[in-house]
Amino acid sequence: MPDKKILDFTGYSRRLDVFVTDEMPDFSRALVQKMIKDGKITVNGKRVKPSWPLQEGEHVEIELPAAQDHTGKLKDLIIADGKDYFVINKPAGMLVHPQSPIWETNPEAVFALEETLVSLVLANPPKGFDSSVSRAGLVHRLDRETSGVMLLAKNAEFQAAMTELFAARQVHKTYHSIACGLVPDGEGTIDVPIGRVAGGKIKASDVGREAVTDYKVLQRKNGFTYIELYPRTGRTNQLRVHLSWLGYPVLGDWLYKGATADRLMLHARRLEFKHPFTGRAMKFEAPVPADFEAAWKRVSGGKKI
């Protein structure tokens with residue numbers, strides 16, 4: 001049975017989400033609102049909205065997230081381990097960090113919520129990792145449903161240097177994706193600004209920020225395209241938005257109307273840059289995962305990647 005916490009409300013009427021956020025400082029208001037909508041937080045045993053006006057004497061019941069075993073799993077994800085960095089192959093479905101920003105000032109909060117890459121790093125850091133480095137060494141991120149190669153810093157100096165390289169567009173990223181439809185041109189460039197519009201969805205927009213993606217078609221079969229993508233910029237959801245704008249959304253991308261699949265078929269295949277301290281050319285690759293290969297085989301009628 002999941003652990004539960006019961007709070008008795010007293011005083012003048014207050015919104016449920018505001019009250020719980022004040023009482024549970026490790027949880028952001030956004031997380032609390034999600035828990036309410038998911039039925040993890042109830043009032044007098046009933047599901048209500050986040051805006052529910054609490055009254056004197058009402059009982060708030062909170063179903064706390066189950067404790068996770070975060071130890072011993074990071075080593076299974078590491079594909080390269082250097083003096084200043086380590087590289088992992090992130091599986092699809094894993095969050096890079098908690099959605100609540102509280103973890104940045106209270107790292108212990110990561111262990112109260114669902115397992116993330118950050119919780120694995122903090123629970124069992126690799127050799128040479130400086131525990132005082134900010135944001136658990138993150139220098140970039142991938143969406144939950146995107147798999148593939150990620151670089152993390154072991155110390156603040158390397159983290160700062162890599163952050164500068166990313167900002168200067170000196171880190172070259174290669175993604176593989178399965179697009180719905182037959183992309184006609186063998187290669188091309190999508191130069192379309194994107195931004196968040198009314199309703200919160202990120203879309204192609206004339207008032208958005210610059211976003212540029214180069215692409216190359218690798219295979220076409222049965223109404224689907226296996227495509228390689230090279231983002232020059234790093235906007236949120238850039239590749240998904242650009243392929244949707246082009247008319248060929250990513251397979252499994254429910255948000256941008258891609259055909260149904262078990263998950264978003266987007267994989268960070270390769271990361272290339274010059275080491276900021278030595279100038280040495282660095283290249284790290286994460287092989288395409290089995291579920292990605294199986295998805296292409298299914299939609300292409302048995303053709304291998």
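Remarks
- Residues considered: GLY252, GLY258. Of these, the only one that is touching a residue at least 40 places away in the same chain (Cβ under 8 Å), under 23 Å from ARG298 (Cα atoms), within 17 Å of the chain's Cα centre (by Cα) and buried (at least 19 other Cβ atoms within 10 Å of the Cβ) is GLY252.
- Annotation: of all residues in the stretch 120-150 being within 14 Å of the chain's Cα centre (by Cα) and of a type in the set (S, T, N, Q), the one that is surrounded by the fewest Cβ atoms within 10 Å (Cβ to Cβ) is THR146.
- Filter result for ALA80 (closer than 30 Å to MET150 by Cβ, hydrophobic (A, V, I, L, M, F, W, C) and either modelled with pLDDT under 95 or part of a loop (DSSP other than H, G, I, E, B) (or both)): no
- The stretch 230-245: number of residues that are surrounded by fewer than 24 Cβ atoms within 10 Å (Cβ to Cβ) and closer than 21 Å to ILE305 by Cβ: 3
- The condition of being at pLDDT 90 or above, under 27 Å from GLN238 (Cβ atoms) and in a helix (DSSP H, G or I) does not hold for VAL110.
- Hits in the stretch 292-305 - residues which are surrounded by fewer than 18 Cβ atoms within 10 Å (Cβ to Cβ) and either in contact (Cβ under 8 Å) with a residue 40 or more places away in the chain or touching a Ser or Thr at 6+ places or on another chain (Cβ under 8 Å) (or both): GLY301, LYS303, ILE305
- Exclusive hit being closer than 17 Å to GLY148 by Cα and at pLDDT 95 or above, set LEU246, LEU218, LEU251: LEU251
- Enumeration of residues in the stretch 189-208 that are surrounded by fewer than 17 Cβ atoms within 10 Å (Cβ to Cβ), in contact (Cβ under 8 Å) with a residue 24 or more places away in the chain and touching a Lys or Arg at 6+ places or on another chain (Cβ under 6 Å): none
- In the stretch 24-41, the condition of being assigned to a strand (DSSP E or B) and crowded, with 18+ Cβ neighbours inside 10 Å is met by at least one residue.
- Within the stretch 83-107, being assigned to a helix (DSSP H, G or I) and touching a residue at least 24 places away in the same chain (Cβ under 8 Å) holds for PRO101, ILE102, GLU104, PRO107.
- Candidate set: the stretch 3-20, residues that are within 14 Å of GLU63 (Cα to Cα) and open to solvent by less than 60 Å² (accessible area, probe 1.4 Å); chosen: the one farthest from the chain's Cα centre (by Cα): LEU7
- Scanning the stretch 179-227 for residues that are within 19 Å of LYS257 (Cβ to Cβ), among the charged types (D, E, K, R) and in contact with a strand residue (DSSP E or B) (Cβ under 6 Å, 6 or more places away or on another chain) returns a single hit, ARG196.
- PRO276 being in contact with a Cys (Cβ under 7 Å, 6 or more places away or on another chain) and either open to solvent by 40 Å² or more (accessible area, probe 1.4 Å) or within 16 Å of THR225 (Cβ to Cβ) (or both): no
- One residue stands out among those in the stretch 279-291 that are part of a loop (DSSP other than H, G, I, E, B) and in contact with a strand residue (DSSP E or B) (Cβ under 8 Å, 6 or more places away or on another chain): the one that is surrounded by the most Cβ atoms within 10 Å (Cβ to Cβ), which is ALA286.
- Scan of the stretch 209-223 for residues that are out of contact with any Lys or Arg (no Cβ under 6 Å at 6 or more places or on another chain) and buried (at least 17 other Cβ atoms within 10 Å of the Cβ), ordered by number: THR213, TYR215, VAL217, ARG220
The values are calculated or read from the model by the stated rules, or taken from the named source; none is laboratory data. Because the structure is a prediction, the values reported are computed rather than measured. Ideal geometry is used to build each Cβ from the backbone, glycine not excepted, and the neighbour counts take in all protein chains shown. Areas reflect the complete protein model, heavy atoms only, side chains present, ligands, DNA and RNA absent. Shrake-Rupley method; radii C 1.70, N 1.55, O 1.52, S 1.80 Å.
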